[in-house]
Structure formats: C-alpha cells, structure tokens
Amino acid sequence: MKKLLVMLMAIGLGAVAATAGGVGVFGSYWDTEDLGPGFGGGVKFKADIAEYFAVEFRASCITKFDDWEGDDELYVIPLEAALLVNLPLGDEVPITVYGGGGGGYAILPEADDVDYDDDFCFFGIGGVELGLGESASLFAEVQYRFLEIDGAEVDGVDIDAGDEGGELTGLSFNAGLLFRF
C-alpha cells in the first residue's frame, strides 16, 4: 500500500509539473558503494515556481550493476522530488546553472528470490542547462544520493542487515534533453 501511495503521489505531482514547465528524458550512471556502477535512465518533470526557483519530480530506473552476481537483474527505481535554485548566466547566454536537493523513495523489485526493503533516499544535485531555443534544452548534472537498504526478505523470512545495511550511496551523472511547454 505504501508503494502504491508513493507512486500515485509522484505521478500526480509530475503531471502538475509537466503542465507548468517541461518534461525531460535522461541517461544515468550511478556508482554505488556496495554494488559498483550501474546504468539506466529516467524522466523528469520541471516547473518554475519563481524567477530563480524550480521544483522537479523525477523517476529513474538503474540496473546492470557491476558487482551484482545474481541471475536476475537487480533494479533500483528512485522516485524523487527536489527544490532547485536556477542561476541564468545572462540574457545573451543560453546557459543556466542550477543546484539544490531533495528526497524520494527507492523501490527495489525482487531479484533472485530476494526482496530488498524499499527505503527513503536523499540527494544533492547540481547541473547546467544549455538552451536550444524556447522549447528545448540539453542538460548535464551531478547527483549524490544517500540510500541505505536495512533488510530483505528471502522466501518469506525477514533478514536484518544490521548496522551496516546495504550501502547504495554514491555519485550519479545524468544527461539528457528537456522539452519546455
């Protein structure tokens, strides 16, 4: 029930943002502490709420982790929201530098009969956006995500990861195209 509620909230907020700003698609590289690097992509919805401030809602799906040795692919699906500060470099220069932070909920579907606990995550982000006109821009960003998995369920039995947990904290790089409405 908690997963469904979080997903519905993210979709609803994303739909509101898409009507007031823009929607983007991106590729992602995430280097986690315990699983090594993984690759994937996602979508983001961005809405300007004031001259220098914006909110952003994003959903990603990361897989192909180097240190995952299971038969099934492990997927990490972060659903996130952020508050950003935009700093345009001027009227003549189509470049905007931005930064901010936020939080979200990471969903880890079952892989190899192990159902890892879904958990909340937090992140800081910074990036640059290059305008290609009024309706599109390219963006590149660096994101540092804090995510620790506390436990898992194997064949219906809960397993506590203890104080160490599963560290998926790490640096992420995203690049893509943003379409403005």
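Quickly rank 123-133, 22-32, 90-100 as a protection proxy: mean count of other C-beta atoms within 10 Å, highest first.
Values: 123-133: 16.2, 22-32: 18.5, 90-100: 13.2.
Top of the packing list down: 22-32, 123-133, 90-100.
Counting only residues 5 or more places away or on other chains, whose amide H sits under 5 Å from the amide H of Tyr116 once H atoms are built in the peptide plane?
Residues meeting the amide H criterion: Ala111, Glu153.
Please work out how much length the chain gains when fully extended from Phe173 to Glu134, using 0.36 nm per residue of separation minus the C-alpha to C-alpha distance, in nm with one decimal.
Working: separation 39, 0.36 × 39 = 14.04 nm, distance 2.51 nm.
Taking Phe173 through Glu134 to full extension adds about 11.5 nm, to one decimal.
Points 7 angstrom from Cα along the Cβ direction at Glu153 and Asp112: gap in nanometres?
Here the modelled spin labels are 2.0 nm apart.
So, R0 is 41 Å and r is the distance between the beta-carbons of Asp72 and Ile95; what FRET efficiency does that work out to, to 0.05? Mind showing how you got there, number by number?
Values: r = 42 Å, r/R0 = 1.03.
Taking R0 as 41 Å, the efficiency between Asp72 and Ile95 is 0.45.
Highest mean first, what order results for 62-68, 44-50 on Cβ atoms within 10 Å? Mind dumping the intermediate values first?
On the way: 62-68: 16.6, 44-50: 18.7.
Ranked from most to least packed, the peptides come out as 44-50, 62-68.
Since every read-out is calculated from the coordinates, none of them should be taken as a lab result. Note that this is a predicted model, so its numbers are computed, not measured. All Cβ positions, glycine included, derive from the backbone under ideal geometry; neighbour counts span all protein chains shown.
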